[in-house]
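The values are calculated or read from the model by the stated rules, or taken from the named source; none is laboratory data. The shown structure was predicted, so the numbers you read here are calculated from the model rather than taken from an experiment. A quick note on method: Cβ atoms are made from the backbone with ideal geometry, for glycine too, and the neighbour counts reach across all protein chains shown.
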Amino acid sequence: MNLWQRQVAKWVQAACLMEVLSPKPGNVSPGLEFQDACVADFLRSSEAIGPEMAVAQERPLGETILASVQATRNVVGHNTNLGIILLIAPLAAVPPEKSLFDGIDSVLSRTTIDDSRLVYRAIRMAQPAGLGKAGEQDLNDEPTVSLVDCMRLAAERDMIAAQFGNGFRQVLHCGLEWLREAGSFPDSQRRQITWLAIRLMAEFGDSLIARKCGVEMSETVREKAREVLASGWPTKAESEQVFAAFDTFLREDGNRRNPGTTADLIAAILFAALREGWFIQDESWIIPAASMIA
């Protein structure tokens, strides 16, 4: 790999590491793991996909996505990061001389039916929860339109798919703006990232929760996230109880209310912030990550 490719791999791995090590409500984090997924699984997955994302600019988008899913399956044997892969692969394919804002539309406009076929294979391999049946371009059929067109058909029920049709609005505009806002808090980067997760849920709910538990539950999650923000978390001590209650609510019912789409968006936002050069990972992440993946 050349210097740029090595840097892309590092950004991918750093973004995934910061996402899973931040104590976001309802998600896997240190001390709060799921029966079928632990922090080490996510860290190993990030190590696996870094080299694949590093060469995203050199090959079709579908190839990068499928290779990343295969690399993940090789190290953990189950789906830990399909959404992250789908979101970061197009960002990683933007050439170094362009900003993500200026380059993402060109990457998306080049997608083909072959990309769709490869991504369908990747999704079937990953076997994510809550997919359901689509009226057009269903995953069990062979696609007949470009990847962007396939994603547009799924946009209403999936926030990750929506990014392909809206120019990554929730990542590059809302997400980066709110991450900058979180940076004004006199707190750790983990708490800033956790606040960003709550802000995303307060605005959009979570499309994984909507698919698994229904749209009404996603709306309930949105209202509860707004209550956390209204309580003044993380700057007011009395808000910690509101935050804890929200976290508990999301973890009930066997973690079925896991806001997985929010976690995937967080990883993509962090990658974008690192890649654009204004969010710097501090040293507090290094030692915990090394010990957890050993």
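The residue that is nearest to the chain's Cα centre (by Cα), among those in region 215-273 that are of a type in the set (Asp, Glu) and at pLDDT 95 or above, is 264. Within region 133-147, residues that are modelled with pLDDT under 75 and surrounded by 14 or more Cβ atoms within 10 Å (Cβ to Cβ) have Cβ atoms under 8 Å from residues that are of a type outside the set (Ser, Thr, Tyr) and assigned to a loop (DSSP other than H, G, I, E, B) in these pairs: 137/143; 137/145, counting only partners at least 6 apart in sequence or on another chain.
Here residue 24 passes the criteria (1) in contact with a helix residue (DSSP H, G or I) (Cβ under 7 Å, 6 or more places away or on another chain); (2) of a type outside the set (Ser, Thr, Tyr); (3) in a helix (DSSP H, G or I) except the one numbered (3). Among the residues of region 206-216, the one identified as surrounded by 18 or more Cβ atoms within 10 Å (Cβ to Cβ) and not in a helix (DSSP H, G or I) is 206. Do we find a residue being among the acidic types (Asp, Glu) and modelled with pLDDT under 95 anywhere in region 108-122? No, region 108-122 contains no residue that is among the acidic types (Asp, Glu) and modelled with pLDDT under 95.
Among the candidates 219, 252, 203, 238, the residue that is touching a Ser or Thr at 6+ places or on another chain (Cβ under 8 Å) and either farther than 24 Å from residue 43 by Cβ or surrounded by fewer than 13 Cβ atoms within 10 Å (Cβ to Cβ) (or both) is uniquely 238.
Pairs meeting the criteria (first residue in region 272-284 and among the polar types (S, T, N, Q), second residue part of a loop (DSSP other than H, G, I, E, B), beta carbons under 8 Å, at least 6 apart or on different chains) are 284/188. Scanning region 48-103 for residues that are assigned to a helix (DSSP H, G or I) and of a type in the set (Asp, Glu) turns up 52, 58, 63, 102.
The rows are residues; the columns are (1) surrounded by fewer than 23 Cβ atoms within 10 Å (Cβ to Cβ); (2) under 15 Å from the mean Cα position of the chain (by Cα); (3) at pLDDT below 95.
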| residue | (1), (2), (3) |
| --- | --- |
| 1 | yes, no, yes |
| 8 | no, no, no |
| 12 | no, yes, no |
| 34 | yes, no, yes |
| 37 | yes, no, yes |
| 44 | yes, no, no |
| 58 | yes, no, no |
| 68 | no, yes, no |
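Taken together, 116, 146, 68 contain a single residue that is closer than 19 Å to residue 4 by Cβ and not hydrophobic (A, V, I, L, M, F, W, C), which is 68.
Looking across region 167-196, the residues that are hydrophobic (A, V, I, L, M, F, W, C) and out of contact with any Pro (no Cβ under 7 Å at 6 or more places or on another chain) come down to 168, 171, 172, 174, 176, 178, 179, 182, 193, 196.
The conditions of being within 30 Å of residue 91 (Cβ to Cβ) and at pLDDT 95 or above are met by residue 199.
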